[in-house]
Each structure stands twice: as structure tokens, then as C-alpha cells.
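Have a look at the structure below, then the notes.
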Amino acid sequence: MFNVVLVHPQIPQNTGSIGRLCVNTNCKLHLVKPMLFEISDKMVKRAGLDYWKLLDLEVWESLEQFMEAHGGNLERFFFATTKSDKPYFEAKYEKGDYLFFGGESTGLPMELMRKKWENAVTIPMGKNGRSLNQSVAVGIVLYDAIRQNFKEF
């Protein structure tokens, strides 16, 4: 349905939960190294439960490698960030889009988002919040994309 791209993920439990989410939504998960854990980490598998073996997963050695393979789809890249003023629900998602999320403490690289800044989206939060948990953020944006394309789901 969609491509979820985690750039430099840091917390194995979040990645496991997102993997489980991807299985249940027919999405592909792309993990872009470096990561602060190994994919075989028991915390990843524990959070992903028995869904992990069903996951459509691709691991990339670098962002450059990912871009070499998928950079031609730049028009369909969406970047979740706290640095944008555009709410995620104003974006128009299409089946096959790439939804990018950065590392938990680092976010997405600005040089990546600048490639298609008009597709940088944010999840509105109250003034006391700094950011949301990565797996929660993926769920929010992904399910809005699904809502917009529900007939194809």
C-alpha cells in the first residue's frame, strides 16, 4: 500500500512496533542505516511479535543507497518533521507513496527534506510537547494516508 521509511532508527521497540503496523497495513518497511541496534535484536522481534516474519522489509546501507534506488520517486516522498508548519492531513497521499520518519533523537536530515520541502508535514501538538513517539507518529500519518485511499486498501 505505502512505503514506510525509517532513516537512522534508534529504538528497537519502536522499529518492531512499526514493523507490526506495516504487516497489518500491507506496507513495506525500509530501514536506512546506520541504526543503533541490530535487526536481530530481541527487542525488535518482541515488539513485532510473530508478525515480524511476515514483514516486507528492506534494509539499506545508507541514505545514498536508498536514494539511488528510489530517488526517481521524489514527488511522492513525504517527510514527517517538527520543522514544518504543514499539517500531515493537508497532504494528498497516493498508493505507493514513501512516508519518511527520522531517528528518535535526530529527526530527518534537512538535506533530504530540502529535496521536496513542500512535502514536509507535521503532526500538530500542544505547546508543551517536543515530539511524539516514533511508532505513534508513523501510525497517525500512515492511517491518514490509508483513509485517503481506503477504496484501494
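Laboratory data are not the source of any read-out in this text; all were calculated from the coordinates shown. What you see is a predicted model, and the numbers here were worked out from it, not measured in a lab. Neighbour counts are summed over all protein chains in view; Cβ atoms, including those assigned to glycine, are modelled from backbone coordinates with ideal geometry.
Exposed loop sites here are trypsin sites (Lys or Arg not before Pro) in DSSP loop states with at most 11 other C-beta atoms within 10 Å. What is the longest stretch of the chain lacking them?
Here the longest segment lacking exposed loop sites spans 1-91.
Restricting to DSSP loop positions (anything but H, G, I, E, B) with no more than 12 other Cβ atoms inside 10 Å of their own Cβ, which GluC sites (Glu not before Pro) remain in the stretch 1-90?
Working: sites: Glu38, Glu58, Glu61, Glu64, Glu68, Glu75, Glu90; in loops: Glu38, Glu61.
Within the stretch 1-90, the qualifying GluC sites (Glu not before Pro) (loop, at most 12 other Cβ atoms within 10 Å) are Glu38, Glu61.
When we measure straight from the Cα of Lys83, which lysines land under 23 angstrom away, once same-chain ones fewer than 8 places off are left out?
Within reach: Lys33, Lys92, Lys115, Lys116, Lys127.
Looking at the stretch 54-137, which chymotrypsin sites (Phe, Trp or Tyr not before Pro) are DSSP coil and have at most 16 other C-beta atoms within 10 Å of their C-beta?
When the chymotrypsin sites (Phe, Trp or Tyr not before Pro) of the stretch 54-137 are filtered for loop state and at most 16 Cβ neighbours within 10 Å, nothing remains.
Please name which of Tyr51, Met113, Val32 has its Cα lying farthest along the dipole of the stretch 25-118 towards the positive end, using unit charges on Cβ (Lys, Arg +1; Asp, Glu -1) and the Cα centre as origin.
So the residue we want is Tyr51.
Roughly how far apart, in whole Å, are the Cα centres of the stretch 90-136 and the stretch 1-43?
15 Å
What value does the stretch 3-152 have for Rg/Rh, both radii from Cα atoms and Rh as Kirkwood defines it?
That ratio equals 0.93.
Based on DSSP H assignment, which helices of the chain show an axial Cα extent of at least 30 Å together with a mean Kyte-Doolittle hydropathy greater than or equal to 1.6?
Span-like helices here: none at all.
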